[in-house]
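The next block holds one structure in the form of structure tokens; read it before the comments.
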Amino acid sequence: MEIYKRPNGDVKWYEITDGDLYMKRREFLKNTGRIALIAATALVLPPFSRSAWAQDAGIEFGGLGKSIYSTDDKSNTYRQATTYNNFYEFGLGKGDPARFAPKVKFKPWSVSIEGLVRKPETIDIDALIRRHPLEERIYRLRCVEAWSMVIPWVGFPLADLVKRAEPLSQARYVQFVTLKDPQRMPGQRSTVIKWPYVEGLRIDEAMNPLTILAVGLYGKILPNQNGAPIRLVVPWKYGFKSIKSIVSIRFLKDQPPTTWSLLAPREYGFYANVNPTVDHPRWSQKTERRIGELGRRETFMFNGYGEYVASLYRNMDLRKHY
Ligand SMILES: Nc1nc2c(c(=O)[nH]1)N[C@H]1C(S)=C(S)[C@@H](COP(=O)(O)O)O[C@H]1N2
Ligand SMILES: [Mo]
């Protein structure tokens, strides 16, 4: 079960020595050493094909900046963060993404910037990761199902891309769309959800410095099950807002539909701010279970990020706009 979390020796994509991203030579040597060992083990583990690790997940970034927005909470382990996931495109179980997503080839990958902008474009994600300054941000992620984790993300502010797109003044919302490809994402053959997964933010939420696009975790390239190669992280909102494997970012005049509020509008709203005073119709939101801990923790308003985001909702009734 260790196999799909291992770094690998596929050097093609990251034979990059002049960019912001490089694989540490020492790591590389260590990893190639491991490959032979892993390959031998693989022969006795039939469910996993060799391609299970012919991926970039696990390759280390160099030159990461540190972030003032990081929490000092103790991080969860890499193993917890990469084996306990919600990613319905790969199945409904928490273990399904780690089991099925690593086999999939998610490259090349591009994200289209569309809608009410002066500069629509299609961004190649390999190139972006190489050129754009990246930093480490340790964030709490609180799932609406009342569990939480602390994850050191690698990413950059979404605001960087928003500014680069030069939104028109009519653009008030941003919509995000996940890849739709039932071949590569077998969970999409089920019709529980209307695919593709979609999410949205108000433009001021998108511009908030806490909102990041993540391309890695624990200093390494994002594993597929965590939303490779690029996913949103909005730490003051319930986990479902943090949409994975994004292919389009659209600037819109009107509030866009979002997957969970389409599915169950009484249970999931557009805003989805972490709020211990507004219960989910079927369970309390007052406490949470930090993965790896036995007891429960108190849940904080805006997941503890109120000093940065409470002003965004100054004149709003958050019981109504849940
Ligand atoms: N495309 C897509 N994005 C998604 C989901 C999903 O099913 N599909 N699940 C969401 C939910 S409910 C949570 S809690 C987080 C979990 O992120 P993690 O697995 O990286 O911790 O991803 C979110 N992003
Ligand atoms: Mo979630």
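The values are calculated or read from the model by the stated rules, or taken from the named source; none is laboratory data. Because the structure is a prediction, the values reported are computed rather than measured. In this analysis, Cβ positions are derived from the backbone assuming ideal geometry, glycine residues included, and neighbour counts consider all displayed protein chains. Accessible surface areas use protein heavy atoms only, side chains included; no ligands, DNA or RNA. Shrake-Rupley method; radii C 1.70, N 1.55, O 1.52, S 1.80 Å.
Values computed for the structure shown
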item	result
Residue within region 259-271 that is free of Cβ contacts under 8 Å to residues at least 24 places away in the same chain, farther than 26 Å from residue 83 by Cβ and polar (S, T, N, Q) present	yes
Subset of region 274-298 (residues that are within 22 Å of residue 308 (Cα to Cα), open to solvent by less than 70 Å² (accessible area, probe 1.4 Å), out of contact with any helix residue (DSSP H, G or I) (no Cβ under 9 Å at 6 or more places or on another chain) and assigned to a loop (DSSP other than H, G, I, E, B))	278, 285
Number of the condition not met by residue 151 [criteria: (1) more than 12 Å from ligand 1 (Cβ to nearest atom); (2) outside any helix (DSSP H, G or I)]	(1)
Matching residues in region 231-247 - criterion: being more than 16 Å from ligand 2 (Cβ to nearest atom) and either open to solvent by less than 10 Å² (accessible area, probe 1.4 Å) or acidic (Asp, Glu) (or both)	246
Residue count, region 191-230 (criterion: assigned to a loop (DSSP other than H, G, I, E, B), touching a Pro at 6+ places or on another chain (Cβ under 7 Å), within 15 Å of ligand 1 (Cβ to nearest atom) and open to solvent by 10 Å² or more (accessible area, probe 1.4 Å))	1
Count of region 83-97 residues which are hydrophobic (A, V, I, L, M, F, W, C) and in a loop (DSSP other than H, G, I, E, B)	2
Residues that are of a type in the set (Asp, Glu) and farther than 21 Å from residue 197 by Cα, drawn from region 158-184	160, 166
Filtered residues of region 59-88 (kept if loosely packed, with under 15 Cβ neighbours inside 10 Å and charged (D, E, K, R))	66, 72, 74, 79
Given (1) within 13 Å of ligand 1 (Cβ to nearest atom); (2) at positive phi; (3) open to solvent by 40 Å² or more (accessible area, probe 1.4 Å), number of the condition residue 91 does not satisfy	(3)
